[in-house]
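First the structure, in the form of C-alpha cells, and then the observations on it.
The values are calculated or read from the model by the stated rules, or taken from the named source; none is laboratory data. None of the values given here were measured: they were computed from a predicted structure. When we count neighbours, we look across all protein chains shown, and the Cβ atoms used for this are built from the backbone with ideal geometry, even at glycine.
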Amino acid sequence: MKFGAAITDAEGTRLTPEEKRLFRRMNPYGFILFARNIETADQVRSLCGDFREAVGRDCLITIDQEGGRVQRLRAPLAREWMPPLEHAKIAGDIAERTMYLRYRLISQELLSLGIDSNCAPMVDVARAETHAFLRNRCYAEDAKRVAQIGRAVAQAHLDAGVLPVLKHMPGHGRATLDSHYDLPHVDLPLEELQTDDFAPFRALKDLPLGMTAHLVYDQIDSQPATLSARMMAVIREEIGFDGLIMTDDISMKALRGTPAEIAAQALSAGCDVVLHCNASLADREAVLEAAGEMTGEAQARAERALAMRSQPQALDIQAAEAELSRLMGGQVYVR
C-alpha cells in the first residue's frame, strides 16, 4: 500500500466524520498533534486510535515535545521542562547524560499516549544573533557539542521505541528572522556552512527522519531549502542523509503560494513528504491531493523509518528521575 506523501493534523480532540473520510481516502503517511488536540490522557489515546483506524494501519504519529516553550503536552499530562539550551548550560560536561535522561522520560510519556515520534533532536547551532524563536531551543553554540548532545537525544528516543526527527536540515541557527512569519536569508559560502552549521546533521545522518529548514542560503540557491533541489542535493549527497525528509510546516509564512502549490514544489525539489498543519479541512484536502502518493524511493525510506520503531527498553522511571535531579542539582522541571 502506497502512503500519501503528507503528514497532517486534526482540528480538535477527536476526528470528525469528514476528517475520517478524507484520511481513509488519501492515506497520509502520518499525523502530528498540537495543544488543541490534547485534553486528557484517555482522549489523546482515543485520538491516536482514530488516526490509525482511519488509515487502517499503525501509522506514524508525531509531536513537538522539546521542552521549554515548545512542548504540546503540559502538566498534569507531562513534565514541564526548562529550555534545552538552559538545561545543557547547567549540565555542562554531563549534558549528554542529562539530556538522554530528559528525552528518555519525554519519550516514555509520549509512548504511553500512543505517540510514537517526536520532532527532536534539533541540532541547529546557536549563535549570538540566532532569533529568539529558536535560540533557547538549541543545545549549544559549538557544532561538535551540538552533535554530541543531539546523538544522546536521538538515542533516548530510539531506546524508548519512539522515532526521532532530525531538524532543521541543513541548519537554521544563523537565522535572524522567525520563519513562522518571515523568510530568513544566510549569505555564507558552502564551505563555511559545511564545516559548522551542516556538521551536526552530517554526524547524525543515520537517523530515520529529518525535517527541512525554511530559509535561503543565498550563495547556494535563491529558493528556500524546503523548495530547493540544490539544497536537497546538499542534504542527500554532501551531508549524506538517506532517511525520510519531511518539510517543516508548509503553512508557515516564510513560504509563498497556496499550500497545494508549496506542497507540489517541495516534493518536486526532492522532499519525501510534506508537513501541513493548522489549516481548514478544504486546505488539508487540497494538500493531500497535490501531494499524492509517495515515490518509490520515498516509500522505501518511509517503511525503513517505521521499521525502526523497536520494542522499548525497560526504564525505571523513578531511578531515571532521581539520577537526573541529582546530576542537575534539582534544576530540571516542575510537575
Requested in this report: Check 1, 26 and return the single one that is over 30 Å from residue 332 (Cβ atoms) and modelled with pLDDT under 95.
Outcome: 1
Query raised in the report: Within region 298-313, is even one residue assigned to a helix (DSSP H, G or I), in contact with a Lys or Arg (Cβ under 9 Å, 6 or more places away or on another chain) and farther than 29 Å from residue 69 by Cα?
Result: yes
**Report entry** Unmet criterion (only one of (1) buried (at least 16 other Cβ atoms within 10 Å of the Cβ); (2) in a loop (DSSP other than H, G, I, E, B)) for residue 193
**Finding:** (2)
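Of the residues 10, 41, 5, which single one is touching a strand residue (DSSP E or B) at 6+ places or on another chain (Cβ under 6 Å), among the aliphatic types (A, V, I, L, M) and farther than 27 Å from residue 126 by Cβ? It would help to see each step written out before you state the result.
Values: 10 fails: touching a strand residue (DSSP E or B) at 6+ places or on another chain (Cβ under 6 Å); 41 fails: touching a strand residue (DSSP E or B) at 6+ places or on another chain (Cβ under 6 Å).
Residue meeting the stated conditions: 5.
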Requested in this report: Return the pairs, sorted by first residue and then second, in which the second residue is assigned to a helix (DSSP H, G or I) and surrounded by 19 or more Cβ atoms within 10 Å (Cβ to Cβ), the first residue lies in region 173-196 and is without any contact (Cβ under 8 Å) to a residue 60 or more places away in the chain and polar (S, T, N, Q), the beta carbons are less than 9 Å apart, and the residues are 6+ apart or on different chains.
Outcome: 194/234; 194/239; 195/143
Report summary line: Within region 269-283, restricting to residues that are in contact with a helix residue (DSSP H, G or I) (Cβ under 7 Å, 6 or more places away or on another chain) and assigned to a helix (DSSP H, G or I), the one that is surrounded by the fewest Cβ atoms within 10 Å (Cβ to Cβ) is 281
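Hey, does region 149-158 have a residue that's in a loop (DSSP other than H, G, I, E, B), under 16 Å from residue 203 (Cα atoms), of a type outside the set (Gly, Ala, Ser) and in contact (Cβ under 8 Å) with a residue 12 or more places away in the chain?
Just the residues of region 149-158 that are in a loop (DSSP other than H, G, I, E, B), to begin with: none.
Among the residues of region 149-158, not one is in a loop (DSSP other than H, G, I, E, B), under 16 Å from residue 203 (Cα atoms), of a type outside the set (Gly, Ala, Ser) and in contact (Cβ under 8 Å) with a residue 12 or more places away in the chain, which makes the answer no.
Residues checked against (1) over 26 Å from residue 325 (Cα atoms); (2) surrounded by fewer than 17 Cβ atoms within 10 Å (Cβ to Cβ); (3) aliphatic (A, V, I, L, M):
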| residue | (1), (2), (3) |
| --- | --- |
| 63 | no, no, yes |
| 108 | no, no, no |
| 130 | yes, no, no |
| 146 | no, no, yes |
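Filter region 1-53 for residues that are among the β-branched types (Val, Ile, Thr) and surrounded by fewer than 16 Cβ atoms within 10 Å (Cβ to Cβ) and give the result.
Within region 1-53, the subset among the β-branched types (Val, Ile, Thr) is 7-8, 13, 16, 32, 38, 40, 44.
Scanning region 1-53 gives 13, 16, 40.
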Query raised in the report: So which residues in region 225-261 are farther than 17 Å from residue 204 by Cβ, of a type in the set (D, E, K, R) and surrounded by fewer than 20 Cβ atoms within 10 Å (Cβ to Cβ), if there are any at all?
Result: 230, 253, 256, 261
Report task. Determine the pairs where a residue that is modelled with pLDDT of 95 or more and part of a loop (DSSP other than H, G, I, E, B), located within region 60-73, has a partner that is of a type in the set (A, V, I, L, M) and surrounded by fewer than 22 Cβ atoms within 10 Å (Cβ to Cβ) with Cβ atoms under 6 Å apart, the partner being 6 or more residues away or on another chain. Result -> 64/70; 72/35
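Can you say whether residue 157 is touching a Leu at 6+ places or on another chain (Cβ under 8 Å) and more than 22 Å from residue 274 (Cα to Cα), as far as the supplied structure shows? Walk me through it before giving the result.
On the way: touching a Leu at 6+ places or on another chain (Cβ under 8 Å): yes; more than 22 Å from residue 274 (Cα to Cα): yes.
Against the criterion (touching a Leu at 6+ places or on another chain (Cβ under 8 Å) and more than 22 Å from residue 274 (Cα to Cα)), residue 157 qualifies.
For residue 146, indicate whether it is touching a Cys at 6+ places or on another chain (Cβ under 9 Å) and assigned to a helix (DSSP H, G or I). Full working, then the answer.
On the way: touching a Cys at 6+ places or on another chain (Cβ under 9 Å): yes; assigned to a helix (DSSP H, G or I): yes.
Yes.
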**Report entry** Subset of region 92-106 [surrounded by fewer than 19 Cβ atoms within 10 Å (Cβ to Cβ) and either among the small types (Gly, Ala, Ser) or without any contact (Cβ under 8 Å) to a residue 40 or more places away in the chain (or both)]
**Finding:** 92, 93
